[in-house]
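Q: Just dropping this structure here.
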Amino acid sequence: MAFDVDRLQRASMNLSDVIADPSCWIGILDELAASLGAMGASLIPQSTSEGAMTTASLRDCLQTYVSESWVEQDRESHRRARAITMRGEVALDRDLIDSNARYAPFFDDFMPRFDGKGWAGIGLRTGPDFWSLTLHRSPRQGPFEEAERAVLQQFSVRLNEVGCLAHLAGRVTLSTVATSFDQIGKAVVAIDQAGRFIHANATAQRLLDGSIQITGGRLMLRDRHAAAEYQRVLSRLQGLREGRALRAAPIIVRRENATPLVIRFLSVDGAAKTPFVCARALLLLNELPRLGRNEWQVFGRAFGLTPAEARLAALLSGGSSLEEAGDTLGITRETARSRIKAVFQKTDTHRQGQLVALLASLE
């Protein structure tokens with residue numbers, strides 16, 4: 001047996017460190033791989049590749065597995081591994097291959113590209129999600145033996161205990177952050193990298209109505225223009241690399257019988273990310289204040305706007321498009337464009353969303 005039992009016990013004890021500090025996961029995976037006689041280890045969510053963690057030795061392997069869609073290329077092996085691990089059992093490479101099969105794409109084509117031969121998988125259920133801890137061995141390290149399966153089975157109990165606690169801790173942390181925004185009257189919605197809804201604080205829940213709501217686990221906007229902009233931001237979020245900030249202009253959401261909402265985006269990264277919660281962005285929702293005539297005069301004087309420019313800005317802040325605002329003011333499209341360019345220049349903004357966000361900040 002290639003296991004270092006004493007080292008595995010230490011790694012198992014240190015596993016609880018990830019509850020308070022998710023950044024410990026990579027170090028824990030390195031220690032687990034070493035103690036289990038493996039070349040590397042990965043922790044992978046089953047529903048998406050987002051949030052997957054791996055030792056440096058398997059980084060290229062995991063990236064290639066995702067980019068080349070090996071889940072689709074070898075569905076049968078993936079299906080068998082998932083079925084076994086979801087029963088709470090440990091899966092080994094030989095469990096995934098039909099005894100009569102002479103060829104297994106994943107084991108015969110994919111793993112040898114990264115000097116892989118032996119494979120083992122342990123299921124990990126964290127809240128509503130299901131993850132897999134996978135271990136790879138090189139030809140020199142050899143396959144996993146049945147005696148090692150029993151040790152991995154015992155370790156899986158500890159892994160699932162810590163996973164559940166880490167998920168709970170992540171939820172508590174996210175809820176605490178969201179509640180802190182409640183205390184200053186700010187609405188916050190958390191989403192993952194795929195745009196799936198995770199959490200909304202009490203202030204945000206009060207804003208949910210027919211114009212903006214959670215449907216099918218996603219934030220949905222009735223305003224078609226805003227919805228299209230939101231989908232473009234989500235596309236950028238999905239391709240966002242670790243350590244990169246999401247730079248997105250605020251989105252104006254027009255609502256029936258209510259002032260528009262402004263959505264700003266704040267990336268969740270680094271130590272603030274919790275793997276088993278996977279919050280990737282916070283959406284800050286602001287209701288635009290209804291500025292009276294005197295307040296608009298103050299706003300206009302503050303930025304040096306002419307009365308005509310201030311009136312145009314007022315209509316845009318209420319959710320009107322530039323064309324609609326021009327019709328209301330009885331001016332041509334060219335005149336409206338000329339005035340809005342002047343407004344942008346004087347307020348140091350570049351888009352309607354940025355202008356409206358500036359107005360929202362005056363609340």
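The values are calculated or read from the model by the stated rules, or taken from the named source; none is laboratory data. Since this is a predicted model, take the numbers as computed values, not measurements. Positions of Cβ are generated from backbone atoms using ideal geometry, with glycine treated the same way; all protein chains shown enter the neighbour counts. Ligands, DNA and RNA are stripped out before the accessible areas are found, and what is left, the full protein with its side chains, is counted by its heavy atoms. Shrake-Rupley method; radii C 1.70, N 1.55, O 1.52, S 1.80 Å.
Q: Looking only at residues that are of a type in the set (A, V, I, L, M) and either at pLDDT 90 or above or surrounded by 13 or more Cβ atoms within 10 Å (Cβ to Cβ) (or both) in region 158-175, which one is farthest from Q205 (Cα to Cα)?
A: The qualifying residue farthest from Q205 (Cα to Cα) is L159.
Q: Mind listing whichever residues of region 1-40 are among the acidic types (D, E), in a loop (DSSP other than H, G, I, E, B) and either buried (at least 21 other Cβ atoms within 10 Å of the Cβ) or more than 31 Å from the chain's Cα centre (by Cα) (or both)?
A: Selection gives D4 alone.
Q: Can you pull out every residue in region 82-101 that is part of a helix (DSSP H, G or I) and surrounded by fewer than 17 Cβ atoms within 10 Å (Cβ to Cβ)?
A: Listed by number, the residues that qualify are A83, M86, R94.
Yes/no matrix, rows are residues, columns are (1) in contact (Cβ under 8 Å) with a residue 60 or more places away in the chain; (2) farther than 20 Å from P250 by Cβ; (3) buried (at least 18 other Cβ atoms within 10 Å of the Cβ):
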| position | (1), (2), (3) |
| --- | --- |
| Q297 | no, yes, no |
| T306 | no, yes, no |
| T347 | no, no, yes |
| Q354 | yes, no, no |
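Q: Does V188 fit the bill of being under 21 Å from F276 (Cβ atoms), modelled with pLDDT of 90 or more and of a type in the set (V, I, T)?
A: So V188 fits the description; yes.
Q: Out of A56, A83, A41, which single residue is of a type outside the set (S, T, N, Q) and over 24 Å from Q193 (Cα atoms)?
A: Numbers: A56 fails: over 24 Å from Q193 (Cα atoms); A41 fails: over 24 Å from Q193 (Cα atoms).
When all the criteria are applied, what remains is A83.
Q: Scanning region 176-196 for residues that are under 19 Å from Y230 (Cβ atoms) and among the aliphatic types (A, V, I, L, M), which turns out most open to solvent (accessible area, probe 1.4 Å)?
A: So the residue we want is A194.
Q: In the set A178, A202, A226, A245, which member is at pLDDT 85 or above, within 27 Å of P275 (Cα to Cα) and in contact with a strand residue (DSSP E or B) (Cβ under 7 Å, 6 or more places away or on another chain)? Let's see the steps before the verdict.
A: Working: A202 fails: in contact with a strand residue (DSSP E or B) (Cβ under 7 Å, 6 or more places away or on another chain); A226 fails: within 27 Å of P275 (Cα to Cα); A245 fails: at pLDDT 85 or above.
Exactly one residue qualifies, and that residue is A178.
Q: Right, something else. Looking only at residues in region 215-231 that are open to solvent by 60 Å² or more (accessible area, probe 1.4 Å) and more than 15 Å from the chain's Cα centre (by Cα), which one is nearest to L284 (Cα to Cα)?
A: Step by step, filter region 215-231, then rank; the result is M220.
Q: What do you reckon, is A52 within 13 Å of F276 (Cβ to Cβ) and aliphatic (A, V, I, L, M)?
A: Answer is yes for this residue.
Q: Report yes if some residue within region 73-81 is open to solvent by less than 20 Å² (accessible area, probe 1.4 Å), in a helix (DSSP H, G or I) and over 16 Å from F144 (Cβ atoms); otherwise report no.
A: no
Q: Considering only residues of region 128-157 that are touching a Leu at 6+ places or on another chain (Cβ under 8 Å), under 29 Å from A190 (Cβ atoms) and not polar (S, T, N, Q), which is surrounded by the fewest Cβ atoms within 10 Å (Cβ to Cβ)?
A: Filtering region 128-157 for residues that are touching a Leu at 6+ places or on another chain (Cβ under 8 Å), under 29 Å from A190 (Cβ atoms) and not polar (S, T, N, Q), the one surrounded by the fewest Cβ atoms within 10 Å (Cβ to Cβ) comes out as F130.
Q: Looking only at region 197-214, how many residues end up being in contact with a Phe, Trp or Tyr (Cβ under 9 Å, 6 or more places away or on another chain) and either open to solvent by 50 Å² or more (accessible area, probe 1.4 Å) or outside any helix (DSSP H, G or I) (or both)?
A: 2
Q: Among the residues of region 106-127, count how many are of a type in the set (V, I, T) and open to solvent by 40 Å² or more (accessible area, probe 1.4 Å).
A: 0
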